[in-house]
1. Name, by its number, the condition in (1) free of Cβ contacts under 8 Å to residues at least 24 places away in the same chain; (2) farther than 19 Å from R261 by Cα; (3) not in a helix (DSSP H, G or I) that does not hold for A164.
2. If you take the residues in the stretch 167-178 that are buried (at least 17 other Cβ atoms within 10 Å of the Cβ), under 20 Å from D193 (Cβ atoms) and not aromatic (F, W, Y), which one is modelled with the highest pLDDT?
3. Looking only at the stretch 242-293, which residues are surrounded by 17 or more Cβ atoms within 10 Å (Cβ to Cβ) and of a type in the set (D, E)?
4. So which of Q132, Q109, Q114 is surrounded by 11 or more Cβ atoms within 10 Å (Cβ to Cβ), within 20 Å of the chain's Cα centre (by Cα), assigned by TED's automatic domain parsing to the domain that holds V55 and not basic (K, R)?
5. Based on what the data block shows, is I212 assigned to a strand (DSSP E or B), touching a residue at least 24 places away in the same chain (Cβ under 8 Å) and crowded, with 19+ Cβ neighbours inside 10 Å?
6. Among the residues that make up the stretch 130-150, is at least one of them under 30 Å from K307 (Cβ atoms), in contact with a Lys or Arg (Cβ under 6 Å, 6 or more places away or on another chain) and not in a loop (DSSP other than H, G, I, E, B)?
7. Of the residues E192, E174, E147, which is within 24 Å of A291 (Cβ to Cβ) and touching a residue at least 60 places away in the same chain (Cβ under 8 Å)?
8. Considering the stretch 130-148 alone, what residues qualify as being closer than 13 Å to M71 by Cα, in contact with a helix residue (DSSP H, G or I) (Cβ under 9 Å, 6 or more places away or on another chain) and of a type in the set (K, R)?
Amino acid sequence: MKNKTLLFLFLAGMAFLSSCVSMNKYKALEKDYQGVYSQRALLNDEVNALSRENVALKERVRTLENQMVDMQQLTAERDELEREIKGLRDRILKINADRDKETSGMSKQMQADQEALLLKEDELHENMRQLQKMRDEMEERNSRLMELEAILARKDSAVNALKAKVSDALLGFEGKGLTVVQKNGKVYVSMEDKLLFRSGSYDIDPKGAEAIRELARVLAKNADINVMIEGHTDDLPYRSSSADMKDNWDLSVKRATTVVRTLLQNKDIDPKRVIASGHSEYVPLDPEKTAAARQKNRRTEIILTPKLDELLSVLESN
């Protein structure tokens, strides 16, 4: 009987000890489970934050695509985006390391995010290629612009030099019905009728012919100058008994061609450089119907223009 009692006490003690060990193991496992659950919640929060960041990045990329015209801003945005992408990639790599310890669903989400990131990287590379293309085109346009500016500067310098030469050559005639002015990239030599022609005539006056010959000497030494001679009359009707002269149109053209022939007496001037035209009374300097205004309007203008072959060649190549 005593032995049975001892056996019963021994078995009861063993059961009690076994129960305590199981309870402690359960609590330890429950604690581990809570830790894993908390870590998983933190990872889910971080994944959600990364998803929001990914959406924000997509929006910024769309904004970047709409602002391609502003290359400096695009470059700054691109650099910032690359830094953010690098940071995002590093964080994704870290999450991928932790992801192996989590569920397969989380793994799929990370894979989708990574694929989306790669897609955006491809888009960024394409944008960078387009940006470089735009830069190349802009550099080419700037090169063309600098070339044109250099040509225009040479042209302006040539016009200034030509004006000085013409003014020096015709110095004795200025103030006597002759003026030399520079405007619109051209040199205008304007001669009033009192210097060149008698009223209603297209026979050149000797004093005027002398001024034309002086100008011809300058033009003979500057073969890159085109010459336009324009005849202008006043608004009074032209009356003549000559069969070949009907009106102010005829008179203005005849006076222009008379000046051309006087210029071409200098054999060093190529006739291909010279153009004669008449405007009759339709381009007046003064529209008033007074004697002073009409005298001002009766004139012959010799317009000197540097040849623009070099400039036109550059423009055509564009």
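The values are calculated or read from the model by the stated rules, or taken from the named source; none is laboratory data. Every value quoted in this text rests on a predicted model; they were computed, and no experiment measured them. Reconstructed Cβ throughout: ideal geometry from the backbone, glycine too, with neighbour counts over all protein chains shown.
1. (3)
2. Looking at the filtered set, the residue picked out is L178.
3. Those that are surrounded by 17 or more Cβ atoms within 10 Å (Cβ to Cβ) and of a type in the set (D, E): D250, E281.
4. Q132
5. So I212 fails the test.
6. Scanning the stretch 130-150 turns up no residue that is under 30 Å from K307 (Cβ atoms), in contact with a Lys or Arg (Cβ under 6 Å, 6 or more places away or on another chain) and not in a loop (DSSP other than H, G, I, E, B).
7. Every option except E192 fails the conditions.
8. Residue satisfying the conditions is R135 alone.
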